[in-house]
Amino acid sequence: MLSTLALHMQNVAVGWQLYSLTGSALDLGLVGLVQFVPTIALTLVVGQVADRCDRRLVVVVCHATEAGATAALALGSLGGWLGRDGILGMVAILGAARAFENPSRAALVPRLVPFALIPRAIASVTSAGQTARIVGPALGGVLYGLGPTAVYATVAALYLLAAALVGLVHAVQPAHEPEEMTPASLFSGMTFILRERLLLGLLSLDLFAVLLGGATALLPIYARDILDTGPWGLGLLRAAPACGALAMSVALTRRPVERHAGPVLFGGVLVFGVATVVFGASTRLPLSLAALTVLGASDLLSVVIRHSLVQIRTPDSMRGRVSAAHSLTTGTSNQLGEFESGLLAALFGPVAAVLIGGIGTIVVAAVWMRRFPELRRFHLV
């Protein structure tokens, strides 16, 4: 929860500071791209690390690395020498740390709870994370009034505290021995997903739908140029999707999706596309916040279904590698989606970029309904 709080405080500060320095929509998109490149480059390595090392220790080291990179952003802002390239460089280091962190943390969950409770456990973990997503952007926006150094210093401290707390977690260690390192084992996570058609359809749906619907990279432009607000407004815009996601995650802890998960999944993706279109066309802050709230709720629904299915269908000995391949698709959709949005905004303007993405998401959902009929029928139990 603390690391998620830190991440979203940091996102507000990086977005506002970079846009203030350059005024470039393309640079906002590059923030996503420089985080995406390490995810691609390290996918095969991080899966092996998560399956061969203490997953808890991996997360601790990642949080410590994130604290160091954010401290460098704080020092650069304080000294006045931090520029565009320095920001992007530190963001790339943060992206590399998260490339290792996410698969290890995801693969750790089934070692902490009984197998039958995985869907509810993932919804509960997500609920805690969404609380941080709400507080983080708003707190980051308020602290930015004191300057970016205040935000980055606070974020570095939160990462260090998160590392200390994760170090206290006790997880059940498996009895199996890691399999021998071979070229086949390096690619085994991807091979497993390609062999499981249900997982392939589910992850590719998320990849293309969220890739097209990545409007959040353009929130600094909407806040300043379209909705005529400031850093506090940007904080509210970033917090709105998390508000919707929190409400959905709380509902899922009480009534998890088990039967008819397929239709629920497609319904969530379609609502996500419609909410993106409404946000793109809005020129009023209340309507924009409402659209982003619905967007966050529908996105969270598909996230919980996807994560639950991946953990349930994967043996523990391969969860690190499969989670790494899973993180690659989510990283691609989120981070490369930010770059796509920034590029389209530079070419056609921010409103057109968001509308194209929302309509594209709806089209992708319709195509996947036909291409993967098993997605319309699957259950989690």
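The values are calculated or read from the model by the stated rules, or taken from the named source; none is laboratory data. These numbers come from a predicted model, not from an experiment. Glycine also receives a Cβ, built like all others from the backbone with ideal geometry; neighbour counts cover every protein chain displayed.
Annotations for the structure displayed:
- Taking the listed residues G29, G23, the one that is at pLDDT below 80 and either polar (S, T, N, Q) or out of contact with any Leu (no Cβ under 8 Å at 6 or more places or on another chain) (or both) is G23, with no other qualifying.
Conditions (1) closer than 28 Å to G147 by Cβ; (2) part of a helix (DSSP H, G or I), marked per residue:
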| site | (1), (2) |
| --- | --- |
| F192 | no, yes |
| L198 | no, yes |
| G201 | no, yes |
| P220 | yes, yes |
| D228 | yes, no |
| L237 | yes, yes |
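- Checked against (1) modelled with pLDDT of 65 or more; (2) not in a loop (DSSP other than H, G, I, E, B), A171 meets all criteria but (2).
- Segment 43-58 - residue that is under 20 Å from the mean Cα position of the chain (by Cα), at pLDDT below 75 and not hydrophobic (A, V, I, L, M, F, W, C) and, of those, nearest to G95 (Cα to Cα): T43
- Against the test of being at pLDDT below 70, surrounded by fewer than 23 Cβ atoms within 10 Å (Cβ to Cβ) and among the hydrophobic types (A, V, I, L, M, F, W, C), the options L343, L347, L336 yield a single qualifying residue, L336.
- Just one residue in the set V91, V109, V113 is at pLDDT below 80 and either assigned to a loop (DSSP other than H, G, I, E, B) or farther than 20 Å from D299 by Cα (or both); that residue is V109.
- Scanning segment 246-288 for residues that are modelled with pLDDT of 90 or more and on the phi > 0 side of the Ramachandran plot yields no hits at all.
- Sub-9 Å Cβ pairs linking a first residue in segment 358-371 that is closer than 16 Å to P263 by Cα and without any contact (Cβ under 8 Å) to a residue 60 or more places away in the chain to a second residue that is outside any helix (DSSP H, G or I) and aliphatic (A, V, I, L, M), at least 6 apart or interchain, number zero.
- Take the conditions (1) outside any helix (DSSP H, G or I); (2) surrounded by 16 or more Cβ atoms within 10 Å (Cβ to Cβ); W81 misses just one of them, which is (2).
- Sole residue being among the hydrophobic types (A, V, I, L, M, F, W, C), closer than 15 Å to M1 by Cβ, surrounded by fewer than 18 Cβ atoms within 10 Å (Cβ to Cβ) and at pLDDT 80 or above, chosen from A157, A132: A157
- Residues that are of a type in the set (D, E) and either touching a Ser or Thr at 6+ places or on another chain (Cβ under 6 Å) or in a helix (DSSP H, G or I) (or both) were ranked within segment 1-59; the one that is surrounded by the fewest Cβ atoms within 10 Å (Cβ to Cβ) is D27.
- First in segment 118-131 and closer than 25 Å to H379 by Cβ, second anywhere and among the acidic types (D, E) and at pLDDT below 80, Cβ under 7 Å, 6 or more apart: P119/E258
Condition check ((1) surrounded by fewer than 24 Cβ atoms within 10 Å (Cβ to Cβ); (2) in contact with a Phe, Trp or Tyr (Cβ under 6 Å, 6 or more places away or on another chain); (3) farther than 25 Å from R377 by Cα) across all residues:
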| residue | (1), (2), (3) |
| --- | --- |
| F192 | yes, no, no |
| F208 | yes, no, no |
| I226 | yes, no, yes |
| P241 | no, no, yes |
